Amino acid sequence: MSQLNFKELFQTHSNKESNQPVNKSRFILSIGYYFLVMIILSAFLFLALDAIAENSFPELKETITLRDDTNRLFNEYDNILIVLPNSVMDLYADVNTYSFEETHFVLVYEGYDDFLYVDNIPTITSDIIQSNLDNDLIRVATTLNQIPESLDSVPVVYALSLEDRLEFTSFANSLLNFIVYLLLFPVIVLFLKPYIFIDLTQAKTYQTKWMSLIVAGYLYVLAGNIISNVLIEVMQLLTNTQSDTAMNQAIIMESLQGNGVILMVISAVLLGPIVEELIFRKAIFGLFKNNTIAMIVSSFAFGIIHILSEPSIIDLMINIIPYLVMGFVFGYLYIKHQRNLFVVTMVHILTNLISIISILLIY
């Protein structure tokens, strides 16, 4: 990687470029349309797909049972304790269960042995639960509106429902995501077409340097990942909590294991990075002459749009970190190449591609 000159990098655009007339209306229209689709139109699309699934394509939905939920939690975490009412014990006849009061029983993760033995029966008390939570050894899941009185003061990480529910399949989620990007891609490209051509003309001067520029850019991404992991560890220590997987990441991981894998790959590897770089770099940076201000605004916008569905403020504060850091990394690369879109977009595509391949190989 070349030597960094932060003073030069983050200074206001050169006078030559600043004096050129810039039609900011195209940037504003692009940003406005992006958030219109992502926040409002996507909600209408969700409702429309829900209606279609209800009336014409029931295969777009699947029934999620209490047993499905508990299996998902045990597969996702290795420190789960689930308190359930005795009325559903028949669902877990093949699972080791432990008494909790007279009306509830407990499912625990494999290897848990911190029991209190009452008449030679392994029992878990609320004091044991609280102690393990304080030491960050377990998470608690329990049924919604049926939390035992002795757990009133215990933080419940998950609230499960006894009732079966219908949810979109992974294919339906992939399809919805794909449609959103199909709505975004051509319109935003049309809005920003003049600036794309300018960047394309400049990018032609890179010639044989393309590969080295992309590889160097990805090394910055790896450095950003290290910084993200450190910051997440610090935040978890400060808040004394373990954050869950970001909802955005969880949806992608689930979709990659279902029938909609091709749609998700196209969205995450191709359409998503291009649209996001057009908005969070080209459009947002286009509104500001000062690189520092542009980077801060674009990075926070990039982070927020990826963590809108987090279950708590703590989860939001922790899960936004990697997106904020990546926003700064991509912003830095954008500035480093004189606000040219193409290198940072290729690095973004490569980053997502490697992440997708990793998920497919691991899971």
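Provide Rg over Rh for the range 119-162; use the alpha carbon set for both Rg and the Kirkwood Rh (inverse mean inverse pair distance).
Answer for the range 119-162: 0.99.
Going highest first, how would you order 346-357, 168-179 by mean Cβ packing within 10 Å?
Descending packing order for the listed peptides: 168-179, 346-357.
Where both residues lie in the range 66-163, what percent of DSSP beta bridges are antiparallel, nearest 5?
Rounded to the nearest five, the antiparallel share is 60 percent.
Along the charge dipole of the range 66-163, which of S99, Y77, L133 sits closest to the positive end, that is, farthest toward it, with unit charges on the beta carbon of Lys, Arg, Asp and Glu (+1, +1, -1, -1)?
Most positive-ward Cα: Y77.
In the chain, if the dipole is taken from +1 on Lys/Arg beta carbons and -1 on Asp/Glu beta carbons about the Cα centre, which of S87, L176, F342 is farthest to the positive end?
After comparing all options, I get F342.
Mind putting a number on the dipole of the range 66-163 about its Cα centre? Charges go on the C-beta only, +1 for Lys and Arg and -1 for Asp and Glu, and I need it in Debye to the nearest 20.
180
What number, in nm² with one decimal, is the all-direction average of the projected area of the convex hull of the alpha-carbon atoms of the chain?
21.6
Counting every Cα pair in the range 249-363, what percent are over 16 Å apart?
Tail of the P(r) past 16 Å holds 61 percent of the pairs.
Among 289-296, 227-234, 52-59, 263-270, how do they line up by average Cβ neighbours within 10 Å per residue, starting with the highest?
Packing proxy ranking, top to bottom: 263-270, 289-296, 227-234, 52-59.
Please list the equivalent ellipsoid semi-axes of the range 66-163, computed as the square roots of five times the alpha-carbon gyration tensor eigenvalues, in descending order and whole angstrom.
In descending order the semi-axes read 17, 16, 14 Å.
May I ask for the distance between the Cα centers of the range 293-363 and the range 21-85, given as a whole number of Å?
For the range 293-363 versus the range 21-85, the Cα centre distance is 20 Å.
Which of the peptides 317-327, 118-128 is most tightly packed, and how do the rest follow, going by the mean number of other Cβ atoms within 10 Å of each residue?
317-327, 118-128
Note the count of lysine pairs whose C-alpha atoms are less than 25 angstrom apart in the chain, limited to pairs 8 or more residues apart or on different chains.
27
Assuming a viscosity of 0.890 mPa s and a temperature of 25 °C, what translational diffusion coefficient in µm² per second does Stokes-Einstein assign to the range 217-305, Rh being the Kirkwood radius over Cα pairs?
For the chosen part, D equals 158 µm²/s.
Read the figures in this text as sums done on the coordinates, not as results from a lab. Since we're looking at a predicted model, the values are computed, not measured. A quick note on method: Cβ atoms are made from the backbone with ideal geometry, for glycine too, and the neighbour counts reach across all protein chains shown.
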